[in-house]
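Colleague: Dropping a structure here in structure tokens format, bear with me for questions.
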Amino acid sequence: QVQLVESGGGLVQAGGSLRLSCTASGGPFSTYGMGWFRQAPGKEREFVATISWSGSSTYYADSVKGRFTISRDNAKNTVYLQMNSLKPEDTAVYYCAANKNGRYYPGLNEYAYWGQGTQVTVSS
């Protein structure tokens, strides 16, 4: 059974930075495409960033492009989300997810495995 565990969330002031980590166990992490998603109170879960199995391809939501960077370390079974220039509207629970086709993909329905989420709160 694949398990994904996120960490690194917290409270930060607007303009600050956070780095989220997601560590996988129980499956062939290096073959999975990975994604980060977020869900704010009262809103639907939305795509943030995705990365292919090799790390060679990435794709971002327009709202975070130029501020967030997704990366992975297959030797550590970990995917990261570096978040810079944070805004109050970035406040949400952030989830990592894995898709078995290995691609970078923005659609939620492609992802078979999900973490429990980590809270990010950006104060103004």
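The values are calculated or read from the model by the stated rules, or taken from the named source; none is laboratory data. All of these numbers come straight from a predicted model, not from anything done at the bench. Glycine gets a Cβ as well: all are built from the backbone with ideal geometry, and neighbour counts include every protein chain shown. Heads up: the accessible areas ignore ligands, DNA and RNA and are worked out on the full protein's heavy atoms, side chains in. Shrake-Rupley method; radii C 1.70, N 1.55, O 1.52, S 1.80 Å.
Colleague: Roughly how many nanometres apart are two label points built 7 Å out from the Cα toward the Cβ at residue 58 and residue 108?
Modeller: Distance between label points: 2.4 nm.
Colleague: Using a probe of 1.4 angstrom, how much of the accessible area of the chain is carbon and sulfur, in percent? Can you show the working numbers first?
Modeller: Numbers: 2820 of 6090 Å².
Using a 1.4 Å probe with all protein chains present, the chain comes out at 46 percent carbon and sulfur.
Colleague: Give me the net charge of residue 118's neighbourhood, meaning all other residues with Cβ under 12 Å from the Cβ of residue 118; Lys, Arg count +1, Asp, Glu -1. Can you show the working numbers first?
Modeller: Values: positive: 19, 38; negative: 6.
So the environment of residue 118 carries a net charge of +1.
Colleague: Same structure, new question: Which whole-number percent gives the relative contact order of the chain, counting Cα pairs below 8 Å spaced six or more residues apart? Please list the in-between numbers first.
Modeller: Working: 327 pairs, mean separation 45.2, N = 124.
Computed over the chain, the figure is 36 percent.
Colleague: Kindly report the accessible area of segment 11-124 per residue (heavy atoms of protein chains, probe 1.4 Å, no ligands, DNA or RNA), in Å².
Modeller: Working: 5530 Å² over 114 residues.
Accessible surface, normalised per residue, equals 48 Å².
Colleague: Around residue 102, under 15 Å between beta carbons, what's the net of Lys plus Arg minus Asp minus Glu among the other residues? Spell out each step's value before the answer.
Modeller: Numbers: positive: 72, 100, 103; negative: 110.
After counting each charged neighbour, the total is +2.
Colleague: Given 0.36 nm per residue, what is the gain on full extension from residue 14 to residue 74 after removing their alpha carbon distance, in nm?
Modeller: Values: separation 60, 0.36 × 60 = 21.60 nm, distance 3.13 nm.
18.5 nm is the gain from fully extending residue 14 to residue 74.
Colleague: Between residue 31 and residue 87, how many nm apart are label points set 7 Å from Cα along the C-beta direction?
Modeller: So the label points at residue 31 and residue 87 sit 4.0 nm apart.
Colleague: Once the other residues with Cβ under 14 Å from the Cβ of residue 24 are scored (Lys, Arg +1; Asp, Glu -1), what is the net sum? It would help to have the intermediate numbers written out before the result.
Modeller: Working: positive: 72, 76, 100; negative: 6, 73.
So the surrounding residues net to +1.
Colleague: Follow-up. Hey, which lysines would be in cross-link range of residue 76, C-alpha to C-alpha under 28 Å, not counting anything within fewer than 8 residues on its own chain?
Modeller: By straight Cα distance, residue 76 reaches 65, 100.
Colleague: How far apart, in nanometres, would the label points at residue 3 and residue 67 be if each is projected 7 angstrom from Cα along the Cα-to-Cβ direction?
Modeller: 3.3
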